[in-house]
Every structure is written in C-alpha cells, then in structure tokens.
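Have a look at the structure below, then the notes.
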Amino acid sequence: MSSSSPFKFLDAYNKADHAIFFGRVEEIEKLYEMAHQTNLTLVYGQSGTGKTSLIQCGLANRFQSSDWFDVYIRRNDEINQSLLQGLKKLDSGKKTSQGTLLERLQKHRKEVRATTGIEETKGLSPVIKALRSLHKHYLKPIYLIFDQFEELFILGSQEEQEIFYHTVADVLQSEGYCRMIFVLREEAIAQLYDFEKVVPTLFDKRLRVEPMGRTRTMEVVKQTCRKFGIKLDGLNVPESIIEAISGGKGRVELTYLQVFMDRLYQLATENGSEEVHFSEPLVNRLGNIEDVLAEFLRDQSLEIQTDLERALPPVPHRGLNFVLNAFVTLEGTKQSLTRRQIRIPQLTAEQTDFCLERLEKGRIIRYAEDRYELAHDALAKQIADQRSAEDIAFLEVNKLIQDRFRIFKSTNTYLNHSELALIGNYRKRLEEENKLSEAEWKYIKKSDQEDKRIRKRRRMIVTGVIAVLSVLVLASGFLFVTAQRNLTAFKEEQKRNAEAKYAARMAQGEQAMASSNYERAKEEFLIALEHKTDDSLALNKISEAEIKLRNKAEFERNITQGDSLYALGESYYVDAWNQYKEALNLDYNNPVAQGKIGTVEGKLETLYSKWISNGDNFMITHNRSGYSNALRNYERANRFRSTPELRQKIAECEKALGQN
C-alpha cells in the first residue's frame, strides 16, 4: 500500500486536519451551540458517519484554544478506572516551569487558601479532585468526551455502569466548568434508560449525525480532490463515486468515502504517473464499497499470513484470523486490548507479535496508549461475517458466563447443570485464550459446587424415602410382603411416569425441531434428560439442537444481507441469491432459505436471458463502449449460470478492451 495517499482511510480526522475536513459545517455549528447551552451533549449516529471526526476536528477547531480543554475517554477495561487514569495522567503532565502568569496566580491562590485547602477537597471523589486540579492549573472549560460509549453496555457490568452514572451526576451537579459529550452508535440509544434515571437531562441536547446526502458528498469529493491536486476526468466522476459507495441510495458515510477515495488513489498512482486522475473507468474497476473493504482485508490478510508462514513456521492455516477475531466482540463491534490480554493459543508469542506489527503497518489495527484495536468498526463487521459457527458458539458461551456473572449480585442465581455442561465443552479454550476474569472463574467453580450440592440433596431425599419405607417394612413383619409389593409398585409407577414424561418431552422436542424452533427443542430435550438421566438419544438430540443454534446467527445474517441486496434491485439479485444459498448450506431453517432462493431464481431466469441479449446487442457495435457494456452484462449472467459459450464471449470482450 502506498504511503503517499493523502486520504484518511479508516482514521478519524483530528484537529490538525482542519484544512481537509469538508461537508460538516452545519453539524459543527449545531454542536458548538449545544456545547454552550448545556453541560451534557449526546452525539449519536450509524457507524461510519464520522461522529469522532466531527468532534476531534470540527468542534475542536470551532473553539478558541482558551475555551477548549478536551479529554478523550474510552472504556478500555473499565470505564471508571479509565476516566480516573486519564485525568490523573493529564494532571501529572502539567507544566512545571516557573515564572508564568498562570503559576503566579496559582501561587497567590495557594497563599490565600493555605489554611482552607485541606477542607476544600475533604470528602470529594478522586474524579472530582482530579478535575479541580486540572481546571485550577489550565483555567479552561474541561470537555470530557466519551467516545464509543456503547462499549459500556456491550462489555461493562451493571455495577460498573451504576458507579459511572452516579459519578457523572455528581460531576454535573458540582463542577460547572466541566462539560461532557457522549458519542455512541444509534442502536445503543435504547441502553440509556437506566442512565437517564440517574441523569434526567441526558436527552435534552442531542445531535444525530446522519450520512451525507448526494449534493454535500459531491462537494466533499470536489473540494478534497482540488485540495490534493487530483484531476477529475469528467463531470460524472463524483456521481460515480457516490453510486459505488451508497449502492444507489445517495447517502454516504464519511468513513466509507475516505476508504474508497484512498483505494482509488492507490489505483490511480500504480503506474507511477506524477499527475493523479480519477475517472469513471477507474471507479468502475474498483467496484462497490463492500467489495473494496472485503478485498482490502482479504489481500492484507493473505499477504501477512503468507509472510508469517515463511518467517516463523509452522503456522496454522487460519493463524492470522485468530488474531483478528480477538479484536471483535460477539456483536460484531471492535474492542481494544492490551498486549497482555491478547492470548492466541494457536500461535507463539513471537508469531502473535509479528501479526500485530504487520496489522498495524497495514492500517488494519492501531496502537495507542498501550492498547491495540481495529482501525474501525467497518473492519470489525467484515471479520465477524467470516467467523465459523464454532467461533460464534464459543463467543456465545463466553458471553453467557459474563452476563450471568454481571447479574449475580442482584439475582443470587448460579449457572445450572445444563449451562455448566455446555461450558465444559469450551473450558480448555476459555483457559487458553484468557477470556474470563478470576472472579468469573470463581463464579463457575461456585456454580459447580452448588449444582453438585443440589443434585446430592435430591439423591439423598430419594434414598431417604426408600430407607423409610424399608424400615417400616422391617418393623412390621407380617406386612413385609404387602409393603414390598407396594414399594415395587411405587417404583414401577415412578418409572412409568418418568418414561411417559420422557416420551412426551422428546416428542415435543422433535416437533419443535421440525418447525425449526431449536431453542424450544433444546429445552424439551433437556427436560427429557432429567426424566431419563444419561440417555444417549436425548444427549444426541441436545447436541443436534445446539449445532443448529450455533448456525442461527450466521443464518439470520445471510438472510438479512440477502434481503438487503434483493431490495437494491436487479443488479444485486445474484448477490442476494448467493447469500440465500449460504443460508441454505447451514441447514438451519431450510423452508425459509428455499423460499427466498425460489423467489430470486425466478427473477434471475428472466434477467439471465435479458443480460445475454443485451450483451449480444452491445457486442455488435464493435466499439469500446459497446464491448464494455457487453462485458458488464455477460459477467452478470455468468455469476448466475456459467457456460462455455458465455465464458468465450467474456474473453472476446476482455480481449477487445485490452484486459488480457
């Protein structure tokens, strides 16, 4: 990848990028007004709309330096610790030179308050003490900016959240110089309910950052190219770029625009020309934004994996994938990790370091403040989409443990027998990848002890009942035979009842399996197992249902992506068809997948003939434009159904266009 590209790629704009940050004047002004009107502002929007850039570059440059002291906070391992550590780090880095006006003022204040200084800070929280120390030194309004705030709900515990909410409330109530800006993805808005109960003004001032519209995006493209000396070959080039990024919807996310422009620059400069030109054929060659991101990640991953295998053999086939997966949550968002937290059991420490160094060099991950993280959530989604069903199941087990542990204090409930059995299947991997805290492992151990205690108590009750009956029989010799018969009948009745309940639950489980309700099926089979312990059929059925459930997320993702592609129109029908086939291969809910495939195949059969006919008509023009349009139509048809004749026509077009 060329290092000369002037575009930000997946990096956010910062204050130094003011001269190249276009298209957000209106949002900057709105946010600036809100920052003056209130001490708490909420900024939200879809991933990739440029929320961080809006603040780091747009808002930061709108303020005079005397009115802006920004402190950026990410959750990292725990938000309350990160907040305090961030403030203390800035506090410890204050200038110590003598003789400035500021220090003379501070010295004067210390002399005046010498007898009351201890009283002023007595009883204050560490956060408020650190804030007051910073404000006292810099004499500026302090803006606490909590970026990617949704991490608190994805990764944080209930206790962590509650402590943070009350800290915010205390700061807002007593520290008038302190302003807060919370930045989060809009799908996390629903998680703010408990926060609002503690801080009722949470939603009073909020700004939704939307993808840029067509007109504004065209201006951004033109202004950016003008700034970097890039020539646009034709009036329609900006429009072509927008179409490629938006998929015909006309609304563009800033991150995707920068990624696309960066890759376009790479193509435009690959021949070493001093003048850089963006043209329609170049845009068409690049493809749509999904292809660009997928190709970028695929190419970089293949190169790093190959180099890793050469430099430090032996290496697992998916060695780099294990590293990338560590940075992505089950929900498909990025997460930051320290080097110590990155434990890849499939790789040696040296191999892992090699991957991290190359991923950082390739702009896939960033390293800042002793932590690694993916450059953007757009990459996290690409990585999450490539996960295997086994990887997803492992992450779901990990999340199950963490979720149950988070609510343990309020519910006082332990993991049950079935959950412990499921965890047992992944225990080795959980230990190897260091996914759980010491407290969470203790919770699993305590749950196991509690489960054994409960099961032992049940056995003792049953044994006790039998013992009592036996004693009564022995105490009455003349009733021995009758009691023995009654006891036998009691046991047989118990057995018949258990078998009847077992059969009923198994039948209900089979019925749920047939209707693709695998969660209900698993529940029924588990109950059946309670009536017939260690039954191999029930155990096999539970395993079968769990396999289906592991495929659920991937199936739903394929169906959703297929539906989205289908809704974009006929140009995307083949992509939708492929997504539906991927869903069918998972064997999760075949009737749904088959129905989707049947619908789109009916459309594609008609389009197939149309594409070939269009290609033939363009072909006979025998000019470059005709061959280009013919090739586009033939390639669409070929993706649906490839034939030797069709491949021959594609080869003829490519030859005429000089692509071979």
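Is segment 1-84 rounded, prolate or oblate when judged by the Cα gyration tensor, a ≥ b ≥ c being the square roots of its eigenvalues, rounded requiring a/c under 1.5 and prolate requiring a/b larger than b/c? Oblate is the answer for segment 1-84, as a/c is 1.5 or above yet b/c matches or exceeds a/b.
The residues Ile407, Ile559, Ile189, sorted by heavy-atom accessible surface at 1.4 Å with ligands and nucleic acids left out, run Ile407, Ile189, Ile559 from largest to smallest.
First measure r as the distance between the Cβ atoms of Ala349 and Thr215, then evaluate 1/(1 + (r/R0)^6) with R0 = 45 Å and state the FRET efficiency to the nearest 0.05. Computed FRET efficiency for Ala349 and Thr215: 0.30. Spin-label model, Glu544 to Glu357: label points 7 Å out along the Cα-to-beta-carbon direction sit 5.2 nm apart. Taking +1 at the Cβ of each Lys and Arg and -1 at the Cβ of each Asp and Glu, which of Gln258, Ala190, Gly176 sits farthest along the dipole of the chain towards its positive end, judged by Cα position relative to the Cα centre? Highest projection toward the positive end goes to Gly176. Here the calculated FRET efficiency for Val198 and Lys610, from their Cβ-Cβ distance with R0 = 41 Å, stands at 0.10, rounded to the nearest 0.05. Taking a sphere under 15 Å around the Cβ of Glu159 and counting the other residues whose Cβ falls inside, with K and R at +1 and D and E at -1, yields a net charge of -3. Shape class for the chain: oblate, because the ratio a/c of the largest to smallest gyration tensor axis (alpha-carbon atoms, square roots of eigenvalues) is 1.5 or more and b/c is at least a/b.
For segment 303-334 versus segment 487-524, the inter-centroid distance based on Cα atoms is 45 Å. Full extension of the segment from Ala16 to Lys89, taken as 0.36 nm per residue of separation minus the current Cα-Cα distance, would add 24.0 nm.
For a straight C-alpha distance cut-off of 27 angstrom, the lysines reachable from Lys136 (same-chain residues fewer than eight places away being disregarded) are Lys15, Lys88, Lys89, Lys94, Lys95, Lys107, Lys110, Lys122. Simple point charges give the picture: +1 on the Cβ of Lys and Arg, -1 on the Cβ of Asp and Glu, and for segment 281-327 a dipole about the Cα centre of about 80 debye. Inter-part distance, segment 533-580 to segment 402-417, computed on C-alpha centroids, equals 30 Å. For the chain, a simple Cβ point-charge model (Lys and Arg +1, Asp and Glu -1, everything else neutral) yields a dipole of about 1640 debye relative to the Cα centre.
The modelled label-to-label distance between Tyr72 and Ile163, using points 7 Å beyond Cα along the C-beta direction, is 2.5 nm. One chain, two ends: Thr338 and Tyr177. Fully extended at 0.36 nm per residue, the span grows by 54.7 nm beyond their Cα-Cα distance. Here's how it looks for Tyr143: its modeled amide H is under 5 Å from those of Phe69, Asp70, Val71, Arg179, which are all 5 or more places away or on a different chain.
Cross-link partners of Lys205 among lysines, defined as those whose alpha carbon lies under 19 angstrom from its own and excluding same-chain residues fewer than eight positions apart: Lys30, Lys51, Lys197.
With all projection directions averaged, the alpha carbon convex hull of segment 408-449 covers 3.0 nm². The slack in the chain from Arg429 to Gln449, taken as 0.36 nm per residue of separation less the alpha-carbon distance, amounts to 5.0 nm. The local environment of Glu27, defined by Cβ-Cβ distances under 13 Å, has a net charge of +3 under the rule Lys, Arg +1 and Asp, Glu -1.
Inter-label distance, Ala507 to Glu519: 2.6 nm, where each label sits 7 Å from its Cα along the C-beta direction.
Look at where the Cα atoms of segment 625-648 and of segment 1-40 average out, and the two centres are 43 Å apart. From helices alone, the chain scores -20500 deg cm²/dmol at 222 nm; the rule is -39500 (n - 2.57) for each run of n ≥ 4 DSSP H residues, then divide by the residue total. Only one residue of Thr333, Leu631, Gly424 has its Cα farthest out toward the positive end of the dipole of the chain, where Lys and Arg carry +1 and Asp and Glu -1 on Cβ, and that residue is Gly424.
With the Kirkwood sum run over all distinct C-alpha pairs, segment 198-261 has a hydrodynamic radius of 13.3 Å. Between the listed residues Ser410, Ser240, Leu267, the Cα displaced farthest toward the positive end of the dipole of the chain, a dipole computed from Cβ unit charges relative to the Cα centre, is found at Ser410. Can you list the lysines whose alpha carbon sits under 28 Å from that of Lys495, skipping same-chain ones fewer than 8 residues off? Partners within reach: Lys452, Lys456, Lys522, Lys532, Lys541.
Computed about its Cα centre, the charge dipole of segment 255-411 is approximately 880 debye, with only Lys, Arg, Asp and Glu carrying charge at their Cβ. For Ala567 and Thr306, what does the FRET efficiency come to when R0 = 35 Å and r is the distance between their Cβ atoms, rounded to the nearest 0.05? Computed FRET efficiency for Ala567 and Thr306: 0.40.
The values are calculated or read from the model by the stated rules, or taken from the named source; none is laboratory data. Since this is a predicted model, take the numbers as computed values, not measurements. Please note: Cβ atoms are built from the backbone with ideal geometry, for glycine as well, and neighbour counts cover all protein chains shown. All accessible areas refer to the heavy atoms of the entire protein, side chains included, with ligands and DNA or RNA removed. Shrake-Rupley method; radii C 1.70, N 1.55, O 1.52, S 1.80 Å.
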